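Nothing in this text is a laboratory measurement; each read-out follows from the coordinates by a stated rule. Bear in mind the structure is a predicted one, so any value in this text is a computation, not a measurement. Note that we place each Cβ from the backbone using ideal geometry, even for glycine, and neighbour counts take in every protein chain shown.
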Ligand SMILES: [Zn+2]
Ligand SMILES: [Zn+2]
């Protein structure tokens with residue numbers, strides 16, 4: 001255990017996953033500091049962060065603009081070529097009376113990633129910003145980043161290719177390649193961008209007037225972490241002086257919120273699997289297919305990898321996520337004697353749930369792409385079905401549930 005003097009509080013970090021106080025060593029270029037207890041990443045050092053982020057985010061925006069200007073993919077059915085542009089997908093979803101799917105598509109794959117990239121660009125560019133504007137941009141960034149899913153949309157497009165081969169000949173066009181490059185630059189710029197640096201420019205993380213003890217929890221030292229800007233604050237301070245956001249020692253009613261949201265998502269999970277998610281009209285005969293029908297069809301056709309991807313993303317991941325979060329709530333509420341290994345396992349489980357949960361959205365993107373492409377009115381058309389809305393709700397609600405769960409409760413002694 002080591003003690004700090006007041007002047008060097010910047011070299012301390014309170015782990016946001018397990019609440020342990022860590023003293024940060026000098027970090028070398030391109031290296032990162034991890035929490036010794038739960039192995040969560042605490043800080044990184046990138047000397048060219050501003051320059052790299054400006055380059056990557058501008059490239060990403062240019063690529064996205066290009067991918068919106070050209071044909072994305074095409075399908076050739078009995079000699080007739082149907083082209084699909086990226087922006088036709090939301091228009092078609094709206095025409096099919098599915099505005100909710102249109103909104104999800106626009107938000108998750110286009111609007112939010114554009115906002116996130118513009119925020120990164122503004123913050124890293126030489127534009128002089130007031131503290132007030134910087135603060136608002138950083139808070140918006142923290143809230144939006146989690147909901148950007150362009151890479152999941154791309155995976156959905158690839159899966160729909162396999163499904164579409166039974167309808168006709170699929171080809172990719174210019175916009176497809178620019179969208180792939182957009183994802184590359186988008187991921188690169190998100191990995192390089194570090195909000196911590198900008199928060200420290202607004203005000204240094206020096207709000208505690210006592211010595212910090214590394215190796216002890218924040219709670220035992222009466223210190224809380226601001227979850228928005230990662231400032232270390234006295235536990236009784238409700239408003240963070242750096243980001244002006246409200247907060248408490250632990251997220252308020254975290255377990256109650258998580259359980260309530262899990263129960264809601266379970267109510268949606270059943271209809272999501274019972275009702276069809278896709279409607280196929282072939283020579284005016286209509287048939288609806290559920291998620292499982294799709295998996296069975298793919299399996300029978302011999303597309304085993306795709307059948308497995310859809311089965312795990314759409315059937316197993318949502319239910320496993322609900323079970324895992326329930327287990328995490330049970331662990332916090334019931335377990336009395338917590339040993340370090342159990343806590344570490346639970347922490348790992350939480351990280352997996354956080355990472356993997358959003359990938360369930362893949363099936364919604366598959367349905368969107370297929371119904372946008374197969375719309376030959378006389379011969380065959382594919383529409384989204386009501387199950388798709390239930391399914392999208394399950395994914396969104398479980399994502400909120402895992403955000404409401406406060407992983408520091410895993411480590412707290414009962
Ligand atoms: Zn930790
Ligand atoms: Zn704050």
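For the options 222, 351, 339, a Gaussian network treatment of the chain with springs between C-alpha atoms closer than 10 Å singles out 339 as fluctuating the most.
Among 205, 279, 376, the largest mean-square fluctuation in a Gaussian network model of the chain (Cα springs under 10 Å) belongs to 376.
Shape call for region 1-128 from the C-alpha gyration tensor, a ≥ b ≥ c root eigenvalues: rounded (a/c under 1.5), prolate (a/b greater than b/c) or oblate? Intermediate values should be presented prior to the final figure.
Details: a/c = 3.26, a/b = 2.44, b/c = 1.34.
Since a/c reaches 1.5 and a/b is larger than b/c, the shape of region 1-128 is classed as prolate.
How would region 160-263 be classified by its alpha-carbon gyration tensor: rounded, prolate or oblate, with rounded meaning a/c under 1.5 and the a/b versus b/c comparison settling the rest? The shape class here is prolate. Give the angle, between 0 and 90 degrees and rounded to the nearest 10, that separates the Cα long axis of helix 49-69 from the longest principal axis of the Cα atoms of the chain. So the inclination is approximately 20 degrees. The C-alpha atoms of region 49-202 occupy a region whose extents along the principal axes are 61, 31, 22 Å, arranged from largest to smallest. Its residue count N sets the reference 2.2 N^0.38 Å, and the alpha-carbon radius of gyration of region 301-351 equals 1.58 times that reference. With springs only between Cα atoms under 10 Å, which of 25, 113, 90 fluctuates most in a Gaussian network model of the chain? Comparing 25, 113, 90 in a Gaussian network model of the chain, the most mobile one is 25. Contact order, relative form, for region 1-139: 15 percent (alpha carbon pairs under 8 Å, 6 or more residues apart, mean separation divided by residue count). Relative to the compact-globule estimate of 2.2 N^0.38 Å, the Cα radius of gyration of region 347-408 comes out at 1.52. Relative to the longest principal axis of the Cα atoms of the chain, the long axis of helix 112-124 lies at roughly 40 degrees. Between the C-alpha center of region 152-190 and that of region 263-308 there is a gap of 22 Å.
Subtract the Cα-Cα distance of residue 222 and residue 286 from 0.36 nm times their separation in residues, and report this length gain in nm to one decimal.
Numbers: separation 64, 0.36 × 64 = 23.04 nm, distance 6.35 nm.
Contour length minus Cα-Cα distance gives 16.7 nm.
Relative to the longest principal axis of the Cα atoms of the chain, the long axis of helix 340-356 lies at roughly 40 degrees.
Computed over Cα pairs, the Kirkwood radius of the chain leads via Stokes-Einstein (1.002 mPa s, 20 °C) to a diffusion coefficient of 91 µm² per second. Convex hull volume per residue, computed on the Cα atoms of region 319-383, equals 75 Å³.
Placing a label point 7 Å from the Cα of residue 30 along the Cα-to-Cβ direction, the residues of region 176-198 whose backbone N falls under 15 Å of that point are 192. Inverting the pair-averaged 1/r between distinct Cα atoms of region 253-414 gives 17.1 Å as its Kirkwood hydrodynamic radius.
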